[in-house]
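Participant: Take a look at the following structure, please.
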Amino acid sequence: MSVQVRFGVNSVSSGDAAGQTVEEVREQFSSALHIPADSQVRINGASANNNAILMEGDSLEFVQGQAKNG
């Protein structure tokens with residue numbers, strides 16, 4: 001089993017991501033998946049932070065922040 005890493009339509013499955021922090025995975029895949037530095041993080045659909053440690057089978061999604069009106 002591995003960790004699914006996604007930003008928009010771009011995704012990869014990584015067997016090495018389990019046990020790493022979100023920040024480590026962001027650095028590893030930022031170029032390949034075009035992940036913005038200010039993107040928000042979700043693990044298995046729930047909000048998370050850059051220090052969260054990923055586990056086998058997790059789904060890690062980077063989400064571009066919503067523009068604020070006003």
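Participant: With everything on Cα atoms, drop me the angle between helix 22-33 and the longest principal axis of the chain, reported from 0 to 90° to the nearest 10.
Facilitator: Rounded to the nearest ten degrees, it is 80.
Participant: Quick one: with all protein chains in place, what share of the accessible area of the chain is carbon or sulfur, to the nearest percent (1.4 Å probe)?
Facilitator: Numbers: 2060 of 4450 Å².
Carbon-and-sulfur percentage of accessible area, whole number: 46.
Participant: Can I ask one more? Tell me the per residue accessible area of the chain using a 1.4 Å probe; a whole number in Å² is fine.
Facilitator: 64 Å²
Participant: Each residue of region 47-53 in order: what ³J(HN,Hα) in whole Hz does its phi give by Karplus 6.51 cos²θ - 1.76 cosθ + 1.60, θ = phi - 60°, with x for Gly and Pro?
Facilitator: Each residue of region 47-53 in turn: 4, 9, 10, 5, 8, 5, 9 Hz.
Participant: Match the structure shown to one of the listed values (i) 12.1, 41; (ii) 11.7, 44; (iii) 15.6, 51 of Rg and Dmax of the Cα atoms in Å, computed from it, and give that label.
Facilitator: (ii)
The values are calculated or read from the model by the stated rules, or taken from the named source; none is laboratory data. These numbers come from a predicted model, not from an experiment. Note: accessible area is taken over every heavy atom of the protein model, side chains too, but ligands, DNA and RNA are not part of it. Shrake-Rupley method; radii C 1.70, N 1.55, O 1.52, S 1.80 Å.
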